[in-house]
Structures are given as structure tokens and as C-alpha cells.
2 protein chains.
Amino acid sequence: MVRPSGGRNAEGTRRVEEKRRRIGVVAPSSRLGDGVAEAVQALNRRLYGERAPEIVFHPQCFLSDGHFAGDDLTRAEAFVEMANDPGFEALWFARGGYGSGRLIEIVLPRLTEAARDKTYLGYSDAGAMLSALHKAGFGRAVHGPMCQDIVREGGEAAIARALAWLAERSPGALEASLRPGERPLAFNMAVLSSLIGTPWEPDFRGRVLMLEEVAEYMYRIDRFLFHITSAPNVRHAAGIMLGRCSAIPPNEPDFARTEEEVARYWCERSGVPYLGRADVGHDADNKVVPFDGI
Amino acid sequence: MVRPSGGRNAEGTRRVEEKRRRIGVVAPSSRLGDGVAEAVQALNRRLYGERAPEIVFHPQCFLSDGHFAGDDLTRAEAFVEMANDPGFEALWFARGGYGSGRLIEIVLPRLTEAARDKTYLGYSDAGAMLSALHKAGFGRAVHGPMCQDIVREGGEAAIARALAWLAERSPGALEASLRPGERPLAFNMAVLSSLIGTPWEPDFRGRVLMLEEVAEYMYRIDRFLFHITSAPNVRHAAGIMLGRCSAIPPNEPDFARTEEEVARYWCERSGVPYLGRADVGHDADNKVVPFDGI
């Protein structure tokens, strides 16, 4: 574990540190990009100065094993180590890509009480692990920006938003439609589709489900919505909101329906109310959605 | 409905025709390509001469509505019309693409007894409707080549194999590993993934599940297998066989695992026996797999 040098030695420093929020970063999916950790740390200091939360990047973030940031066991152990450490208030997903679902059955049985009292922040592929944690009652799963988002155009705004939530629970970071008492869910469509019918499918009953997508053909967006709205549990949701569907490749032939038309169609077919657009997506504007509500 | 002219008028002709197998072709997904119907009819006559089964292409096969061969209601009505017609022994899917799952909830409530006594032949996207029909006890769902396969390189062999099954129940058309008493299933991974957790997910208990894929990144093949092998019902399958995974685009970074390594991994993780390779795939060699066994 990489800790700032000296922080644990001087009594005075320790007292200050113990008041600071500590955020652990782990990469259950793909490897963190070069320079991302430094850029996030720099932004954190620039925004918060001495009050900045301490962000600790687990060395596992920088490992590589084919598609993944280390093999399954290595990634799972890093996740469990930080999740079970009561010194961290939050566990922040380094980035998406693919791989967090591979860890669910390795991680869940190893989590302890400390893992229950923690915020888990991420989206996209991280949604698989977030859903499993949420379903199993471990901590507070939250949809929102990840470290790697800093490389997006305007990405510092996304990281600032994530930090505003992690450090201050700033209401300005939240998706604007959220109301007290609601318990929303937010997922990438492909990731949620890969959870439907598994033990880690969330409980949709009475909940607003926000769905976003990136770089998928329209026929696949349609198929994901067919799948998701055909799941019996989803049919008991309070409603579906459509996040942004970005970078849709041209369909051959033209699909002749937009993502919103398709979302309305499946909501009508399935009897789930369509509740309009949600301010989430694979972009720098992606807002924070705490699964336990605001 | 397009019928050969005169067949219903002369008593002698009718007697001969009534002995001929009649196959209806419908397109619940994408539109049939130009010239495909003629090529299939010509091959049928060349192979079987006067004994050739009568193949009737529903006019709906040639409609177009964006991605689909007509809108949902039109495609569903064509399907229902042929499925409920006792004059057809078999209903043959014109081609895959995407769209048969959209019709399930429209088609199933309209099917009558005649639809139960029928063979349904297709694969790829047709797997969604095949699974729903099979689950609901309508007829004999069979994985195998579709009309559009004739345009593949060596595609006449695929059509000849489909006809050998439809016209003669030729054992040579079958996937070679099939044994009497077994009730196998064969699906495209993406299509089966889109059925997991829906009412149309097949009953996997005690069955051998063959899985093939085309044009999907390795990380997606991995995610489909994560999803499929994480479904509780799949964990009661007798085993999984891996069909061909063709035209896999390069993964970035390299996935560093082959499709067979990934299939073995998920079988080991889920406790489902890995039973080796299956002779199915998106190609001219794709063999016939009757879900009710041989």
C-alpha cells in the first residue's frame, strides 16, 4: 500500500490525518492509465489544499495481465484489502473497461464488517461489483465518475464532482432529478444486462432505474432494453430514465429509431413508466447517483 | 401467401403435393437478401427434383422497416399465420440479424395447436424465438442453417444440410457429438445472454449447452460466459460445449486468453463440466442441433 511518507510517524501529523477523509483506489477491471494517479492527486490538492482527502492508490492499479489490471486473484485481494480496512471511508474504482464481475464470487465471501461501512464509487464495468455489493448489503454503492475520467475532454470537472461527493457529500454533484426518499439505480446497459438473472441482479422493486450506454449499435441498445425490461423484477421498477447514449456507430441498415424512441417503446411494452432523460453517461458530465438515495 | 400456381386445382397434382413436405419461411428478424429465395428454391429442386419439399416464402420476408423485415406486428402476424397453418410441417427462419425477441410476447399468446406440431429451424438471433417456443412447448426447436446462409462461401452446403434435415431427417445433418437420449441446446452467446433471467430462458437442467459466437471482442465473449455461467439454472446444466467463435476483432490490450481458455475458466468457476468443442457456428459448416434430441 502506498502511503504518503512520514504521515504515520509524527504525532501532530497523525492527528491532522485522522481527521482527513481517506479514499482507497483499486482497479477491479482494466489498468489505470499512466499519469492518471498523479493528475488526480494534483487536482485534489489544488481543489482542497490542506483539507484535501487523502487518496491512496493501491499498487494493484498499475499491474497488467492481458485485458486486466492483474489477474483475478490479485485484483480481488487488493479490493478485499482496501474494503476491509476501516481506515478508508471510501473505495473508489480507478476505471472501468472490463473485469469487476469476474471478482464478485471471490470478493464477497471475504468481506468483513469494515466493508459494510464504506462508500463504493464507480460506474460502467464497476457496476457489476457495485450491484453485487449493494445486493449483499455491503456499504453504499454510488454511481459516479472514476479516476480515469480525468483524461476525458473536460475530465477535471468529472473528478472534481467525484471528490465533491467523496469529500463533502456536495449536493451539487448529484443527478438533479433525485429526490429524498427515492432509492435510484444507475447502470450501463451492457453491464446491467450481464447481471440480469444472476444472484447479483439488483432488486428493482419500486426503484427508478437510470440506463446509459456508449459505443453500442442501436440494435444492441434495443436488445439490451428488450432484455432488461423483460426481466420480471425490472417490471416492478418505479420507472426507467434514459441517460446519454454516446458514440453510437452507424447501424446497417439504418435503425430508423432513436435511443429515446426505443426506450419509450420498451417501457410501453413492459409497463414500466418512462420518466425522461437522466444526467448520466460515459462523459465528463456524468453525475453522482447513490443507490441508497440522497 | 405465395403458393405455386395450380397446385390446389388438379386432383392428381394435389395428391402428389399432399405427400410433399411443406416448409414455410418467415423472417422475424432482418430482411431476406435479394435473390436468396430464388437460390434456395433452385438448390432445393437440384437436390431433390420431383421429391423436393415445397418451400413457401412468406411475402413478409421481403419487407423492410429500418433494421427489420417489417414492423413488429407485421413480422409477428406472418409468423403466427405460418405457425398456425397445419399445412406446414416446418417453419424455417429466413435469416438472423436482430428482431425475433421483439416478437415473443406478441406471438406466443396467438399460437394454436397446429403450432405445437411443427419443426422450427434457425439459429443466431432466431435463438430468442426458438428458446421461447421451446420453453412454451410449441413444437420442435432446432438449431441449424437459415436461408440467408446460402450467400456464405460454401453456403450451399449449409442449405443442403438444412434441407436434408427438413426433408429427410438425415442423420448426416446432425452435430456429430449428439447421442440418443440427450436433449442438447445450441445458442449464440449474445442471444442467449439476452434471454437469461427472462421468462424465455431455457431450462438448462441436465442438458448439454453448445455456445457459439461471431464478431465479438474476447472481453465480450468472456462477459457473455460470465453471465451465462452465473445464471443459477445454467449451473445445473450437464455441460457446456464451445462452438466456433469466428471473426473476433483484436482486443485492446490483447486479451491474452483464447475463447477455449475462457470457456474452460468459466466452466471451472461455475462447476459446469466443459465437454469440448461443438460443430456449430456462424459459418457454412454449422450443424443441426434439435433441442428435443435425436
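Key figures for this structure:
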read-out: Filtered residue count, segment A:205-219, keeping only those that are under 15 Å from A:TYR265 (Cβ atoms) and over 21 Å from the mean Cα position of the chain (by Cα); value: 2
read-out: Number of the condition not met by A:PHE138 [criteria: (1) open to solvent by less than 10 Å² (accessible area, probe 1.4 Å); (2) out of contact with any Gly (no Cβ under 7 Å at 6 or more places or on another chain)]; value: (1)
read-out: Residue that is farthest from the other protein chains (Cβ to nearest Cβ), among those in segment A:93-130 that are in a helix (DSSP H, G or I) and closer than 18 Å to A:LYS287 by Cβ; value: A:LEU130
read-out: Index of the failed condition, A:ASP72 passing every other in (1) open to solvent by 40 Å² or more (accessible area, probe 1.4 Å); (2) under 26 Å from B:THR258 (Cβ atoms); value: (1)
read-out: Filter result (open to solvent by less than 40 Å² (accessible area, probe 1.4 Å), in contact with a helix residue (DSSP H, G or I) (Cβ under 6 Å, 6 or more places away or on another chain) and more than 18 Å from B:VAL262 (Cβ to Cβ)) within segment B:192-222; value: B:SER194, B:LEU195, B:THR198, B:TRP200, B:PRO202, B:PHE204
read-out: Selection within segment A:63-92 - away from chain B (no Cβ under 14 Å) and part of a loop (DSSP other than H, G, I, E, B); value: A:ASN84, A:ASP85, A:PRO86, A:GLY87, A:PHE88, A:GLU89
read-out: Whichever residue in segment A:219-250 is closer than 20 Å to A:ARG277 by Cβ and part of a loop (DSSP other than H, G, I, E, B) and, among such residues, is farthest from the other protein chains (Cβ to nearest Cβ); value: A:ALA238
read-out: Flag if A:ARG277 is more than 24 Å from the chain's Cα centre (by Cα) and charged (D, E, K, R); value: no
read-out: Unmet criterion (only one of (1) on the phi > 0 side of the Ramachandran plot; (2) out of contact with any Gly (no Cβ under 8 Å at 6 or more places or on another chain)) for A:GLU89; value: (1)
read-out: Qualifying residue in segment B:53-61 (condition: under 30 Å from A:ARG223 (Cα atoms), within 12 Å of chain A (Cβ to nearest Cβ) and assigned to a loop (DSSP other than H, G, I, E, B)); value: no
read-out: All positions within segment A:189-214 that are part of a loop (DSSP other than H, G, I, E, B) and away from chain B (no Cβ under 11 Å); value: A:PRO202, A:ASP203, A:PHE204, A:ARG205, A:GLY206, A:ARG207
read-out: Residue match in segment A:44-51 (condition: within 14 Å of chain B (Cβ to nearest Cβ) and open to solvent by 20 Å² or more (accessible area, probe 1.4 Å)); value: no
read-out: Of all residues in segment B:239-258 being open to solvent by 40 Å² or more (accessible area, probe 1.4 Å) and within 22 Å of the chain's Cα centre (by Cα), the one that is nearest to A:ASP72 (Cα to Cα); value: B:ILE248
read-out: Flag for B:PRO59 being open to solvent by 20 Å² or more (accessible area, probe 1.4 Å) and more than 16 Å from B:ARG21 (Cα to Cα); value: yes
read-out: Residue list for segment A:1-41, filter: at pLDDT 50 or above, open to solvent by 10 Å² or more (accessible area, probe 1.4 Å), under 25 Å from A:GLY70 (Cβ atoms) and out of contact with any Cys (no Cβ under 8 Å at 6 or more places or on another chain); value: A:ARG22, A:SER30, A:GLY33, A:ASP34, A:GLY35, A:GLU38, A:ALA39, A:GLN41
read-out: Breaking point among (1) under 23 Å from A:GLY197 (Cβ atoms); (2) under 19 Å from the mean Cα position of the chain (by Cα), for B:ALA231; value: (2)
read-out: B:ALA186 being under 15 Å from B:ARG277 (Cα atoms) and part of a loop (DSSP other than H, G, I, E, B); value: no
read-out: Segment B:266-283 - residue that is in contact (Cβ under 8 Å) with a residue 40 or more places away in the chain and more than 17 Å from B:ALA186 (Cβ to Cβ) and, of those, most open to solvent (accessible area, probe 1.4 Å); value: B:ARG269
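The values are calculated or read from the model by the stated rules, or taken from the named source; none is laboratory data. Because the structure is predicted, anything quoted here is derived from the model rather than measured. All Cβ positions, glycine included, derive from the backbone under ideal geometry; neighbour counts span all protein chains shown. Surface accessibility is based on the protein's heavy atoms, side chains included, excluding ligands, DNA and RNA. Shrake-Rupley method; radii C 1.70, N 1.55, O 1.52, S 1.80 Å.
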